[in-house]
Each structure stands twice: as structure tokens, then as C-alpha cells.
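For reference, the structure is listed below as C-alpha cells.
The values are calculated or read from the model by the stated rules, or taken from the named source; none is laboratory data. Everything quoted here is computed from the prediction, not taken from an experiment. Here the Cβ positions follow ideal geometry from the backbone for every residue, glycine too, while neighbour counts run over all protein chains shown. Side chains are part of the model used for accessible areas, which takes the heavy atoms of the whole protein and leaves out ligands, DNA and RNA. Shrake-Rupley method; radii C 1.70, N 1.55, O 1.52, S 1.80 Å.
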Number of protein chains: 2
Amino acid sequence: MQRLPGIGPKSAQRLAFYILKLPESEVQAFAKALINAKQRTGLCTKCFHFSEKPICEICSNTNRDSNLICVVADSRDVIALEKTREYKGMYHVLGGIMSPIDGIGPEQLNVEPLVRRVSQENIKEVILAISPTVEGETMTLYLCQVLKAFTKVTRIAFGLPVGGDLEYTDEITLARALAGRQELS
Amino acid sequence: MQRLPGIGPKSAQRLAFYILKLPESEVQAFAKALINAKQRTGLCTKCFHFSEKPICEICSNTNRDSNLICVVADSRDVIALEKTREYKGMYHVLGGIMSPIDGIGPEQLNVEPLVRRVSQENIKEVILAISPTVEGETMTLYLCQVLKAFTKVTRIAFGLPVGGDLEYTDEITLARALAGRQELS
């Protein structure tokens, strides 16, 4: 239990005792559900998002714009973006972020399949939606270099979060918000 | 003491007892400093930022770009933007945000002097740097309508704060970050 993310020794003990108190039939059902979920869920062969079928529901949805690819680090980011209900294109999940210290380079990520998609399909725009951390910025610049020969490459905007306050925003974010200012009409 | 911002009954008591324990000369000096600061500090007649002179140091600095005005709600926002060391133009402090519920309209703020500045001086761009709250958005749209006849009007970017994580960003901010995406080169 302690190996689960966000579960420390105390929580692990609480969870373990809860399981021990459950009737055996429920524990069996729970264990079965875990194995089932693991066995049935694979990765979409196209975008590498979690999927029960070889091609995920987003990739096979013909109502979505297949000329637009949004590149994210993780399947969780797909879910975050889907919650906005604003984006109607496709995704590509990298499966992580480049990190030379941990030995993670482009080869360990789904970069090559992305380049193949962009170069072979009729892609009008690639949106890089990678978190603005140090590693994320490196990854964004790297992907831009690799992809810009094939199509238009954009990145999501950085600036003040909605509802945020100018006074309490850090200087780097403020500087980027100023640099990224947009004309009003 | 309780009337000071962010000071509750307990803190007020602590501050009061601290003052009572100080030697009288120091209390005299402190009181004098407060009065002095209040008497010497007024508002810049041009941009309404706090200033000891009729024209503040920013407005009278000839190294700064006098064709660019950044509009903010409060003097504290000027200080926040100055800390970025990125902005080299002028400012205009509105002195608050429009709020119909509290009876604050454009007439209660320094909107008219701003319109006069923009219409009479050779201003190339007005940057609206107002916090993205409900009132702030209304204020931004209002100023855009009033000013766009005279010059180019831009607003600071909204999106992910630098160092932020896609997964933990609220949906509205994510949607705006997507909508405000910019091309990489």
C-alpha cells in the first residue's frame, strides 16, 4: 500500500486494516476489478492515450478536427484539457518529459511516432501544451525544432491565471504576461 | 491598530504593547516619520502613481519610452511590474476598479485623465494590465472601447503561470491558455 502515490505509512496502515475488515467477497471483487482494468487498458496506438481499444475514442471520433494535434506529457493532461470542453482536435501523449539527469531522452518518449504522424498526415497545426517548468521548456523548444519543418507549431499561452491578482504574481510570470500581450479589438 | 490592513485584534494588541515598551524618543521619531511620509507623498499629476514630486520619477525619466502607457488599477501594481525589470514605458494608475455595486464608475477613477493623455500625446500603444477578475475584465473591456479610437490597445496575456502544472490548472485558465496560443519560430 505504501507504494501507492500520496500514501504514507499511516494511510497505508489505515487502508490495509480497512481491507482486512471487508467481507472476503468484496475483496475478491476489488482485486478482480484491478486486474481487469489493468488487462483491458492499453495505450492507443496512434496518440498513446490510455484506451481499451487499439485506437482510442478521441482518435476515432470523426467529429473532431484530425488536422490539429495537441502534444501533452501525460494522459492526465488529456483529461485536464478535455474538461475545458474547448478543444476539438487530436492529442499526442509523450509519456513523460525529457530529463537528461534521469536518462530520459527523446528515444524514451513517444517523440518518433509524433514526428511520423506530423510528417505523414495532413496536420495543419501542432499545439505544444507542456507545463512551463525547466524541463518542460526544454522539451517544448526541442519539439519545435523537430516539427517546424513539417507544419505550424504553437504553444499554449503563459501569463496570469484567471482570477489571479497582478500584485501577487511572480515576476517571471508577469514579465511573460507583458511580453505575450495581445491586441484587443 | 486594528484598522490597519491584515491586522486582527490579537496582532493589534501585540503591536500596541510593543509601542508602549519602546523608549519615548523612538515613538516620537516613528510618529514623525509617519506624518512626514504622509505630508511629502502625493500623486504624480501625470500618471497618479505615488510620488514626492509633482511629476514622478518614472514619468520624468527620459530613458523610458514615453509612447507606451501601461494602465494598472493600483500603485502596488506599478511596483510589481517594475520588479520584472522588463517594462520600459510609462504607467497610468486608475486608483481602483469599476464596481457598480460599490458605486465606483469611471468618474470616480482616473479614466478621464488617461483618455486625455492618450488623445493628446503621441501614444503608440496602451497596455491594459488589470487583474483578470470579473470587475477587472469589465474594466478592461470598457477602457478598450474608450481608447481604441486613439491608439493600439493590448492586454497582458492570460494562461499558465510559469512553473505551473497543466494538471492542476483550472479549466477556465486552461481554455484561455489554449485560445491564446502563440506561434513558435
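Relative contact order (percent) for chain B, with alpha-carbon contacts under 8 angstrom and 6 or more residues of separation?
Worked out over chain B, it gives 14 percent.
Treating only the Cβ atoms of Lys and Arg (+1) and Asp and Glu (-1) as charged, compute the dipole magnitude of segment B:63-155 about its Cα centre; round to the nearest 20 debye.
Value, rounded to 20: 420 debye.
Collect residues whose amide H, placed 1.01 Å from N in the peptide plane, falls under 5 Å from the amide H of B:Ile104; neighbours closer than 5 in sequence don't count.
When sequence neighbours closer than 5 places are left aside, the close amide H contacts are B:Ser99.
What residues have an amide H closer than 5 Å to that of B:Leu43, excluding those fewer than 5 places away on the same chain, when H is modeled at 1.01 Å from N in the peptide plane?
Under 5 Å from the amide H of B:Leu43 lie the amide H atoms of B:Ser51, each far enough along the sequence or on another chain.
How many Å² of accessible surface get buried when A and B come together, counting both sides, probe radius 1.4 Å, rounded to the nearest 100?
4600
With each run of n ≥ 4 DSSP H residues scored as -39500 (n - 2.57), what mean residue ellipticity at 222 nm is computed for the protein assembly as shown after dividing by its residue count and rounding to the nearest 500 deg cm²/dmol?
After summing the helix terms and dividing by residue count, I get -12000 deg cm²/dmol.
Rounded, prolate or oblate: pick one for the protein assembly as shown, where a ≥ b ≥ c are the square roots of the eigenvalues of its C-alpha gyration tensor, a/c under 1.5 means rounded, and failing that, prolate if a/b is larger than b/c, else oblate.
Oblate shape, in that a/c is at least 1.5 and b/c is the bigger or equal ratio.
So if we plug the beta-carbon distance of A:Gln182 and A:Asn61 into 1/(1 + (r/R0)^6) with R0 = 30 Å, what FRET efficiency do we get, rounded to 0.05?
Calculated transfer efficiency: 0.45.
If you build a Gaussian network model of chain B, linking Cα atoms that sit under 10 Å apart, which residue out of B:Ser75, B:Ser51, B:Ser60 swings the most?
Most flexible of the set in this elastic network: B:Ser60.
Given springs between every Cα pair under 10 Å in a Gaussian network model of chain B, which of B:Gly164, B:Gly136, B:Gly105 has the largest fluctuation?
Maximum among the listed residues: B:Gly164.
Residues of B:80-87, mean number of Cβ from any other protein chain within 10 Å of their own Cβ, rounded to a whole number?
The mean count of partner-chain Cβ atoms within 10 Å per residue comes to 6.
So for segment A:12-63, what are the equivalent ellipsoid semi-axes in whole Å, largest first, each being the square root of 5 times an eigenvalue of the Cα gyration tensor?
35, 11, 9
Can you tell me the orientation of helix B:134-147 relative to chain B, as the angle in degrees between its alpha-carbon axis and the longest Cα principal axis, to the nearest 10?
60
From the backbone phi of segment A:152-157, what are the Karplus-calculated ³J(HN,Hα) couplings (6.51 cos²θ - 1.76 cosθ + 1.60, θ = phi - 60°) in whole Hz, Gly and Pro given as x?
Computed from phi, the couplings for segment A:152-157 are 6, 10, 10, 10, 5, 7 Hz.
Taking the Cα atoms only, what angle lies between the long axis of helix B:24-40 and the longest principal axis of chain B, rounded to 10 degrees?
That helix lies at roughly 30 degrees to the long axis.
To the nearest 10 degrees, how steeply does helix B:111-120 sit against the main Cα axis of chain B, on a 0 to 90 scale?
50
Averaged over B:65-76, how many beta carbons belonging to a partner chain fall within 10 Å of each residue's beta carbon?
Neighbouring Cβ atoms belonging to other protein chains average 1 per residue here.
Per residue of segment A:169-185, in order, report the coupling 6.51 cos²θ - 1.76 cosθ + 1.60 (Karplus, θ = phi - 60°) as ³J(HN,Hα) in whole Hz, putting x for Gly and Pro.
8, 5, 5, 5, 5, 4, 4, 6, 5, 5, 5, x, 4, 10, 6, 9, 10
Given the options B:Ile69, B:Ile123, B:Ile156, which has the most mean-square fluctuation in a GNM of chain B, springs set between C-alpha atoms less than 10 angstrom apart?
Maximum among the listed residues: B:Ile156.
Give the carbon-plus-sulfur fraction of the accessible surface of chain A in %, rounded to a whole number; probe 1.4 Å, heavy atoms of protein chains only.
Roughly 54 percent, rounded to a whole number.
Excluding ligands and nucleic acids, what accessible area in Å² is computed for A:Arg116 using a 1.4 Å probe, to the nearest 10?
Counting only protein heavy atoms, A:Arg116 exposes about 110 Å² to solvent.
Rounded if a/c is under 1.5, else prolate if a/b beats b/c, else oblate: with a ≥ b ≥ c from the C-alpha gyration tensor eigenvalues square-rooted, which is segment A:63-155?
oblate
For B:Glu183, A:Glu135, write out the residues from largest to smallest accessible area, computed with a 1.4 angstrom probe and no ligands counted.
Ranked list, largest accessible area first: B:Glu183, A:Glu135.
Going by the alpha-carbon gyration tensor, a ≥ b ≥ c the square roots of its eigenvalues, is segment B:8-123 rounded (a/c under 1.5) or, if a/c is not under 1.5, prolate (a/b greater than b/c) versus oblate?
Prolate is the answer for segment B:8-123, as a/c is 1.5 or above and a/b outweighs b/c.
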